[in-house]
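The values are calculated or read from the model by the stated rules, or taken from the named source; none is laboratory data. All values derive from a computational prediction rather than experimental measurement. Heads up, the Cβs are rebuilt from the backbone with ideal geometry, glycines too, and the neighbour counts pull from every protein chain shown. SASA here: full protein model, heavy atoms, side chains in, ligands and nucleic acids out. Shrake-Rupley method; radii C 1.70, N 1.55, O 1.52, S 1.80 Å.
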Amino acid sequence: MAETHPSQTGESDDRLVYAPEELLASGDYAEPLIANGVRCHGGFEADGRYRSPRVIHRVPAIRSWQAQLARSGDDLVEIPAALVPPQYPNVAQAKLLMRNGAREPIVRALTIISIVEGFGAMIRDVEVPDLDELIVEPYDGTALAHLRSGLFEAHARDESGYREEGGHKQMWEAARDAALENPKIPGDVLMRLMGRRGRGQRPEPAFPQIGPKLERMLGFMANVLVVEVIAEGTFQWGIEVLSDPEVSAAPEVAGTMVAHIRADEAPHVEYLRTALSEVRARTIRCVDGTTIDGRTVVDGLLHRVLDGMRRNRRADQEDDLREGLMAALKETANPDALAEEFESLTTKWTPPAKTGFEPRTEDPQAA
Ligand SMILES: [Fe+2]
Ligand SMILES: [Fe+2]
């Protein structure tokens with residue numbers, strides 16, 4: 001969890017209802033965060049500590065909603081870290097390439113991260129259906145009840161910036177440009193990424209009985225939650241690579257920037273898993289008037305996303321880099337030896353056999 005604002009210390013932890021303006025409020029900062037000349041979100045307390053944007057009420061709110069789940073004996077879903085393939089190229093591989101002047105793959109990897117962060121803004125366009133009709137039990141005073149009134153918007157602003165303030169997209173670009181001294185950005189990064197994303201889109205509805213709007217929203221949330229969990233590994237990688245003076249021209253600036261981004265991410269994982277857990281603890285009313293256990297739906301959607309990640313993410317990462325990697329190696333003094341060393345540093349990884357969200361045998365869906 002990110003730090004709370006000092007003025008909020010002691011704020012009642014049992015408040016469950018918040019106005020959108022509260023969930024979007026950042027409070028005052030002693031100093032703004034400027035990254036590579038770009039004014040970014042967040043800022044510094046008088047004592048120099050970084051405070052993430054929009055957390056003064058959002059963080060205590062999420063904590064209250066999670067406490068409420070715990071009080072009612074409901075689980076908070078957790079994405080097992082073991083399902084996330086290791087970063088490719090890993091830290092040692094990235095540094096090896098950079099030390100040998102093969103920087104393009106790293107510029108590319110960092111650019112992909114900044115673009116994916118910017119995609120986060122799409123969450124504000126996710127349509128929230130009429131939950132009063134779809135959720136059987138009461139849900140006021142939950143994260144679920146605040147998705148449209150603050151949580152999605154706060155998330156979107158964190159990722160892609162808001163008005164004159166940069167968000168994560170701009171912060172990653174700043175870290176990249178500082179560490180690698182304004183490198184030339186390959187022109188095809190976005191196009192390749194879109195091509196790959198387009199491939200797996202619009203899967204068949206997994207739960208047609210709940211209607212397309214609710215499935216779209218929950219499916220999107222499941223997807224973003226998993227992307228956010230993957231990102232945790234990416235941040236660690238970014239910090240380790242970009243703060244190494246041997247390969248980074250701005251170890252302090254770039255490393256700290258990524259650390260700030262990582263701090264900002266905590267509420268994303270937390271509100272998403274809270275809202276999904278709240279649905280999981282309830283009953284969904286189907287379009288034909290029958291009902292289905294929320295757990296069957298949420299677990300089914302998480303299983304689908306995690307199963308796809310377990311199978312495809314490693315190969316996707318390799319695909320994103322392969323050509324650029326080959327080309328970059330060719331430019332170096334001893335391509336064959338470097339390629340061999342690069343290969344030998346690859347982190348071995350075997351996908352776990354299960355996602356942990358498999359349909360339960362008593363589920364009607366399991367049949
Ligand atoms: Fe982000
Ligand atoms: Fe995020």
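When the convex hull of its Cα atoms is viewed from all sides, the range 14-143 shows a mean projected area of 12.7 nm². Normalised by the number of residues in the chain, the average gap of Cα pairs under 8 Å and 6 or more apart makes the relative contact order 24 percent. Given +1 at the Cβ of Lys and Arg, -1 at the Cβ of Asp and Glu and no other charges, the dipole of the range 143-261 around its Cα centre is 840 debye to the nearest 20. The alpha carbon centroids of the range 23-56 and the range 256-290 are separated by 24 Å. If you bin all the Cα-Cα distances of the range 129-222 at 5 Å, starting from zero, the percentages per bin are 2, 9, 13, 15, 16, 15, 12, 9, 5, 3, 1, 0.
Write down the Kirkwood hydrodynamic radius of the range 215-367, to one decimal in angstroms, obtained as one divided by the mean of 1/r over all alpha carbon pairs. Result for the range 215-367, one decimal place: 18.9 Å.
Assuming 0.36 nm per residue, please report the length gained on full extension of the stretch residue 164 to residue 339 beyond their Cα-Cα distance. Could you put the intermediate results ahead of the total?
Working: separation 175, 0.36 × 175 = 63.00 nm, distance 4.32 nm.
Taking residue 164 through residue 339 to full extension adds about 58.7 nm, to one decimal.
Rounded to the nearest angstrom and listed largest first, the equivalent-ellipsoid semi-axes of the range 69-225 from its Cα gyration tensor are 36, 18, 17. Restricted to Cα atoms, the range 71-121 shows a radius of gyration and a Dmax of 17.1, 56 angstrom. Calculated accessible area for the chain comes out at 46 Å² per residue, all protein chains present (probe 1.4 Å; ligands, DNA, RNA ignored). In the chain, the longest principal axis of the Cα atoms and the axis of helix 212-242 are about 30 degrees apart.
Using the Stokes-Einstein relation with a Kirkwood hydrodynamic radius computed over Cα pairs, the translational diffusion coefficient of the range 259-319 at 20 °C and a viscosity of 1.002 mPa s comes to 153 µm²/s. Scattering from the chain was approximated by placing one identical point on each alpha carbon and applying the Debye formula without solvent; log10 I(q)/I(0) at 0.06, 0.08, 0.15 1/Å stands at -0.24, -0.43, -1.35.
Potential lengthening of the chain between residue 346 and residue 133 amounts to 71.7 nm, from the contour at 0.36 nm per residue minus the alpha-carbon distance. Given their separation in residues at 0.36 nm each and the Cα-Cα distance between them, residue 188 and residue 45 gain 47.5 nm when the chain is fully extended.
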